[in-house]
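The values are calculated or read from the model by the stated rules, or taken from the named source; none is laboratory data. Quick caveat, the model's predicted, so the values are computed rather than measured. Here the Cβ positions follow ideal geometry from the backbone for every residue, glycine too, while neighbour counts run over all protein chains shown.
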Amino acid sequence: MTSPEQRPPGQRSFRAVAVQPQWSAADFASAEAFRAWMRSQLEMARPHLAQGRPNLVVLTELNGLPLVLRDVPLAVRAGTFERAALVLFLRWLPRALPVLLRERVSPIRALQLALSAKNTRLYLETCRDLAREYGVYLCCGSTPMPRYRLEGRYLVREAGTLHNETVLLDPQGELIGVADKVHLTPAEEGEGVDLTPGPLGELRVFPTPVGDLGVAISLDAFRADVIGQLEAGGCTVLLQPDANGAPWTAQEGLPPDPANLRDQPVAWLESCWQATTTGRSIRYAVNPMVVGNLLDLTFDGQSAITGRAKDAPEPRSYALTEPRPGFLALLPWVEEGLPERLRAAGLERAARSGHPWENRYRTGTLHADLTLPPGKVPQPPRTDHERALAALLRGEATLAGGRPLWPLLAVAAALLLTVRRKR
């Protein structure tokens, strides 16, 4: 390791940390439970934080999505997401119905938008406080978030829009920037949680002391257009927050060819590992993955930090794949063995398997010391949405509440009276 005195002027030396936590519905039952779960992940990272240089901590995808369960105990205990969604919609009908009628969105998106003000505030303020307390650059993971604009001291929500969004913070809790997921999985589209795809052209690279950060949320890291956009912007450190909603050793088939089944770990080699071993500007990638059965959904994977083959010559790789260079750090899966046994082990841990090993996953933390030359990427201008979030994080603005229900009820009553008079 080069000493600080020997480093070339402007060279960036830092530590990247990926946290692989296990979640459950109970972690989202209340604001206090959510804060405790998020803090537990920074506590997992704490022993691995470097002294005397910056630290980058990367959390997992959609770690704010289950906040819709908050303060509705029956939904937390519903057992399935379908039942939970029904319970939640009935519980929050006075809030969700106006959004559904006014913005012409699906019930599940209306529900999320109706609760977005309180959940966005909790999510952002929790992450801000953790970035400050632990003194780290923080990739907060991702959460469903509307677009906002600043009007005076209020954040006003854009109608109908709900992105899968990553927020990046500095050690003072100040906003660095945001990135929206471009390519949604079937579970994120209309038949699932019904999110809005992010525009490819809005993906930017953010220069920091911990690299020129580009975000490719989960499936985006597999897509050439996203990687190409970030490479064109000069990305040197790719962040890939992930929540893989299936047993890790199962087979998958995703668009554009869902019939092309293959082992998930084989497919994963086409994301962060491929980006760093074959890319132009991308030197490192950090890919944390959440594990655990959330109601009736299964999440599993192997978190990794990848780099160029020359930087990580030791052969290793995901389960069900051949060892290869390029992995700077890799969390082992729960078992080793022949493919047949590994596939069975994944199913044993899956939600509702009934097996003694159900919901028994590996959690852990990875870290790697990374070095980059002086940065050349310019700071991108802030969007209206980023200006709004920055003001919220600084305490200079607050979230505007949704429109009340009574005006819609008044209109409905007036229409009903008109119909009766015509009769």
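Please go through region 123-178 and give me each residue that is crowded, with 16+ Cβ neighbours inside 10 Å and of a type in the set (S, T, N, Q), ordered by number. T126, S142, T143, T161, N164, T166 - these are the residues of region 123-178 that are crowded, with 16+ Cβ neighbours inside 10 Å and of a type in the set (S, T, N, Q).
Of the residues in region 12-40, how many are aromatic (F, W, Y), assigned to a helix (DSSP H, G or I) and in contact with a Pro (Cβ under 7 Å, 6 or more places away or on another chain)?
Our first condition is that a residue be aromatic (F, W, Y); within region 12-40, this holds for 14, 23, 28, 34, 37.
Among the residues that remain, those that are also assigned to a helix (DSSP H, G or I) are: 28, 34, 37.
Filter once more, so that each one left must be in contact with a Pro (Cβ under 7 Å, 6 or more places away or on another chain): 28.
Number satisfying all stated conditions: 1.
Consider S24 carefully, then state whether it is within 28 Å of P247 (Cβ to Cβ), surrounded by fewer than 23 Cβ atoms within 10 Å (Cβ to Cβ) and touching a strand residue (DSSP E or B) at 6+ places or on another chain (Cβ under 8 Å). Yes.
Does T196 satisfy the criteria of being more than 22 Å from A31 (Cβ to Cβ) and either at pLDDT 95 or above or polar (S, T, N, Q) (or both)? It is true that T196 is more than 22 Å from A31 (Cβ to Cβ) and either at pLDDT 95 or above or polar (S, T, N, Q) (or both).
Within 26 Å of T298 (Cβ to Cβ), outside any helix (DSSP H, G or I) and either within 19 Å of the chain's Cα centre (by Cα) or hydrophobic (A, V, I, L, M, F, W, C) (or both): is that true of P144 in this structure?
Working: within 26 Å of T298 (Cβ to Cβ): yes; outside any helix (DSSP H, G or I): yes; either within 19 Å of the chain's Cα centre (by Cα) or hydrophobic (A, V, I, L, M, F, W, C) (or both): yes.
Criteria met by P144.
Counting the residues of region 41-57 that are under 21 Å from the mean Cα position of the chain (by Cα) and assigned to a helix (DSSP H, G or I) gives 6. Of the residues making up region 205-255, those that are farther than 13 Å from E165 by Cα and of a type in the set (D, E, K, R) are D212, R223, D225, E231, E252. Confirm whether G160 is part of a loop (DSSP other than H, G, I, E, B), in contact (Cβ under 8 Å) with a residue 60 or more places away in the chain and not charged (D, E, K, R). The answer is no for G160. Inclusion of L347 among residues that are farther than 23 Å from V58 by Cβ and surrounded by fewer than 20 Cβ atoms within 10 Å (Cβ to Cβ) is warranted. Read through the list (1) surrounded by fewer than 21 Cβ atoms within 10 Å (Cβ to Cβ); (2) under 30 Å from L238 (Cα atoms); (3) in contact (Cβ under 8 Å) with a residue 12 or more places away in the chain, then give the number of the only condition that E43 fails. Here E43 clears every test but (3). Please verify whether L175 is of a type in the set (A, V, I, L, M), within 14 Å of the chain's Cα centre (by Cα) and modelled with pLDDT of 95 or more, treating the condition exactly as stated. Criteria not met by L175.
Where strands (runs of 3 or more DSSP E) fall entirely within region 165-225, those with at least 1 residues that are more than 21 Å from S281 (Cβ to Cβ) are at 175-180. Residues of region 58-89 being small (G, A, S) and under 15 Å from the mean Cα position of the chain (by Cα), which ones? Across region 58-89, the qualifying residue is only G64. Residues that are within 19 Å of the chain's Cα centre (by Cα) and charged (D, E, K, R) within region 11-40 comprise D27, R35, R39, listed in sequence order.
How many residues does region 100-118 contain that are of a type outside the set (A, V, I, L, M) and either surrounded by fewer than 22 Cβ atoms within 10 Å (Cβ to Cβ) or without any contact (Cβ under 8 Å) to a residue 12 or more places away in the chain (or both)?
The first filter runs over region 100-118 and keeps only residues of a type outside the set (A, V, I, L, M), leaving 102-104, 106-107, 109, 112, 116, 118.
Keeping just the survivors that are either surrounded by fewer than 22 Cβ atoms within 10 Å (Cβ to Cβ) or without any contact (Cβ under 8 Å) to a residue 12 or more places away in the chain (or both) gives 102-104, 106-107, 118.
Count: 6.
Scanning region 148-186 for residues that are within 30 Å of P54 (Cα to Cα) and among the acidic types (D, E) returns E165, D170, E174, D180.
Taken over region 305-341, the criterion of being of a type outside the set (A, V, I, L, M), touching a strand residue (DSSP E or B) at 6+ places or on another chain (Cβ under 6 Å) and in contact (Cβ under 8 Å) with a residue 12 or more places away in the chain is satisfied by T306, G307, R316, S317, G326, F327. Scanning region 86-99 for residues that are crowded, with 19+ Cβ neighbours inside 10 Å and aliphatic (A, V, I, L, M), which turns out nearest to E158 (Cα to Cα)? So, considering only residues that are crowded, with 19+ Cβ neighbours inside 10 Å and aliphatic (A, V, I, L, M), the one nearest to E158 (Cα to Cα) is V99.
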